[in-house]
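Following: one structure in structure tokens, then a few remarks.
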Amino acid sequence: MSFKFVLAANMAVVVLETLLYALLLVAASTTLYLRFSRHGIPKLLVWNPVVLFTVLISAVSGAHWILTIVRFFDAFVGSADAGRFYLDTQGVQTARTLLTVAAIFIGDAAIIHRLWLIWNRSLPVIMVPLATCFGGSIIGCAVAYVIAHPAAGAQLVLWLKASWIFTLVTNVYCTGLIIWKIWKTKRTVEHLLGDGTLVPVLIVLLESAAVWTLWGIFFAVTSEIRSPLGVIGGELSPVMVGLVNMAIYLRVELQYTREGSVRTGVAMTSSASMIPYYMSMNRASTQIPRSAA
């Protein structure tokens, strides 16, 4: 991979990550404002999954973006050869890799939490995604170690692919089971909420899973062929996790604001979905649990 292409890819990352993080901040700020307006700050600060995930992913993505800018200035101000500097994967890059691992872990934890809620807090059903979530995080930390110690980096691409495979398995598994549970109870829920109520939910689930799955495939393929585009796929992952979450959260908050309904709520604690539920719905008949939205 030539210095010129590496440099071009990293300059693209600086521009794209800055724009996407600005969009993430706007979406996150709007989401929190709408939620605080409806529920009040004291209540939400005690414990609310949406607020927690929003703050965490915004903070982690922000830290990653700051280090991206720091590395950019180090390359062009503190180095005589910017292209060669970007091939040096130690120092700041190790910290950025750990932040990427943290962001993906947050996204995986969010969708596992959603699965746990939808399946009536069933522990057996989340055992597989818990294993893949922690397994992927451990492999991600191993990737950071390899980056910090280039002598051990012969299998770096293999470790990267393994980490993404674990993440994709987590998301596809959780999304598939959530969709199946919703579809299974679709008739009962729509009898209470009206025809077509859950169709947008299923669409959002599929869209969110598709975006993250395609992003993972893009990164895996570009890394395998050692394309500079793999740099973009990996470096933008934290902000992409945040945007997938915020798109769902903001959509739900705007729906609340538009409808002004006090009869419906939304369980939206993952990067993959939103589930309307009827506040007086019989849990035994619908099998959809009430959440902390």
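Quick note: the coordinates plus some simple rules give every number you see, no bench work behind them. Just so it is clear, the model here is predicted, and its values are computed rather than measured. Backbone-built Cβ (ideal geometry, glycine too); neighbour counts: all protein chains shown.
Just a few scattered comments:
- Computed lengthening from TRP180 to VAL15, 0.36 nm per intervening residue step minus Cα-Cα distance: 55.5 nm
- In this simple spin-label model, placing a label point 7 Å from the Cα along the Cα-to-Cβ direction at both VAL221 and VAL77 gives a separation of 3.9 nm.
- For ILE66 and HIS149, a Förster radius of 35 Å and the Cβ-Cβ distance give a FRET efficiency of 0.90, rounded to the nearest 0.05.
- When each of the peptides 173-179, 100-106 is scored by the mean number of other C-beta atoms lying within 10 Å of its residues, the order from highest to lowest reads 100-106, 173-179.
- Within region 206-259, the trypsin sites (Lys or Arg not before Pro) that combine a DSSP coil assignment with at most 11 other C-beta atoms in a 10 angstrom radius are ARG226.
- Taking other C-beta atoms within 10 Å as the exposure proxy, MET127, MET240, MET11 rank MET127, MET11, MET240 from fewest upward.
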